[in-house]
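Structure record follows, encoded as structure tokens.
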Amino acid sequence: MSQNTSLLDAVVDVVRGLKLPPVRLEQDVVQAIRQAFLSAEIVFEEEMTISPRCRVDFLVGGGVVVEVKKGKPNTRRVNEQVARYASCDRVSGVVLVSERGLFDHLDEAHGKPVRYVALSKNWGLTT
């Protein structure tokens, strides 16, 4: 397993470990992820511009993008956004975090792994 895949898996594990109630603001989710990364001693940068039109919520370890979406986002737009992020040379993988289920999400973009975490699973919902 490569170092980048290990980092991607570690990020997914931390985010999946969040036990958040339904939240009102995307910033609440971002704050919870920030605190979880700090607790897990994961190195990250926030609100990073990785290329024109590509500002990510978190850039972890210099290569893993974490993008947070509130509610149930538009699948086509989110997939386009994830593909833009994955097209950047410095990106090794993308973790998409949404509050509710997102169907037909990407598993890979530009040869880079994409992982998806639905926080609603932690609420006992099956999405």
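Where a number appears in this text, it was derived from the coordinates with a stated rule and is not lab data. All values reported here derive from a predicted model rather than from experimental measurement. Note that we place each Cβ from the backbone using ideal geometry, even for glycine, and neighbour counts take in every protein chain shown.
Site pair residue 39 and residue 24 shows an inter-label distance of 2.3 nm when each label is modelled 7 Å from Cα along Cα→Cβ. Each residue of region 33-42 was assigned a 3J(HN,Hα) from its phi angle through the Karplus expression (A = 6.51, B = -1.76, C = 1.60, θ = phi - 60°), giving 5, 3, 5, 5, 5, 4, 4, 7, 6, 8 Hz with x at Gly and Pro.
Rounded to the nearest 500 deg cm²/dmol, what is the calculated helix-only ellipticity per residue at 222 nm for the chain, with -39500 (n - 2.57) per DSSP H run of length n ≥ 4?
Working: 3 runs with 40 residues, N = 127.
It lands at -10000 deg cm²/dmol.
Amide H of residue 44 versus every other amide H placed in the peptide plane: which residues, excluding those fewer than 5 positions away on the same chain, fall under 5 Å? Under 5 Å from the amide H of residue 44: 61. Along each principal axis, taking the top coordinate minus the bottom one, the Cα set of the chain gives 36, 34, 28 Å in descending order.
Remark: region 89-102, residue by residue, has Karplus-estimated 3J(HN,Hα) of 4, 6, 8, 9, x, 10, 10, 9, 10, 10, 5, 10, x, 10 Hz, where x stands for each Gly or Pro and the curve is 6.51 cos²θ - 1.76 cosθ + 1.60 at θ = phi - 60°.
Roughly speaking, what is the stretch gain from residue 49 to residue 110, that is 0.36 nm per residue apart minus the C-alpha to C-alpha distance, in nm to one decimal?
On the way: separation 61, 0.36 × 61 = 21.96 nm, distance 1.88 nm.
Once the chain is fully extended between residue 49 and residue 110, it gains 20.1 nm.
Couplings for region 47-52, taken from phi via the Karplus curve 6.51 cos²θ - 1.76 cosθ + 1.60 with θ = phi - 60°, read 6, 8, 8, 9, 5, x Hz in order; Gly and Pro are left as x.
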